[in-house]
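Reviewing the structure listed below.
The values are calculated or read from the model by the stated rules, or taken from the named source; none is laboratory data. All figures in this text were calculated on a predicted structure; none of them were measured in a lab. In this analysis, Cβ positions are derived from the backbone assuming ideal geometry, glycine residues included, and neighbour counts consider all displayed protein chains.
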């Protein structure tokens, strides 16, 4: 793979990540609005039901529901990630209403950074080990400082 191809792939990954972050913040607000109308837990149910139906349509259109190779090797706990999604949506619904969008997004990003650094440092869940270093620690300190500034 050429260096140019590698850089294009990295740029695409960065743009995809930024887009997902924008969509995540947008989703937080819409989930909170829905939660204000029907309740936090109820909105989490509606959001996940809609996601299930949309995902099912995509599976039918793009994968023809072909059997997944290697499904037998998947640890059973990975099939229960919807539980985590419900907790994220309910937490988001409750947080946005109480503290607003900027602080909610800041809290979620900071939580992601802290967990990400721990997961990288110890190679959790099969990740390659990327040890904490001074620059990463400084980045975390900057993020935490930014979070305190928007309180």
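What do you reckon, is residue 85 part of a helix (DSSP H, G or I), over 16 Å from the mean Cα position of the chain (by Cα), exposed (fewer than 15 other Cβ atoms within 10 Å of the Cβ) and touching a residue at least 24 places away in the same chain (Cβ under 8 Å)? The answer is no for residue 85.
Residues in segment 127-143: is at least one surrounded by 10 or more Cβ atoms within 10 Å (Cβ to Cβ), within 16 Å of residue 25 (Cα to Cα) and not assigned by TED's automatic domain parsing to the domain that holds residue 46? Within segment 127-143, none of the residues are surrounded by 10 or more Cβ atoms within 10 Å (Cβ to Cβ), within 16 Å of residue 25 (Cα to Cα) and not assigned by TED's automatic domain parsing to the domain that holds residue 46. Just one of the listed residues (84, 129) is at pLDDT 85 or above and closer than 30 Å to residue 38 by Cα, and it is 84. Picking from residues in segment 112-126 that are modelled with pLDDT of 90 or more and loosely packed, with under 13 Cβ neighbours inside 10 Å, the one that is nearest to residue 34 (Cα to Cα) is 115.
If I ask for residues that are loosely packed, with under 11 Cβ neighbours inside 10 Å and over 15 Å from residue 94 (Cβ atoms), which ones from segment 21-39 would you list?
Of all residues in segment 21-39, those loosely packed, with under 11 Cβ neighbours inside 10 Å come to 22-23, 37.
22, 23, listed by residue number.
Exactly one residue out of 46, 97, 14 is surrounded by 11 or more Cβ atoms within 10 Å (Cβ to Cβ) and either touching a residue at least 60 places away in the same chain (Cβ under 8 Å) or closer than 30 Å to residue 150 by Cα (or both): that is 97.
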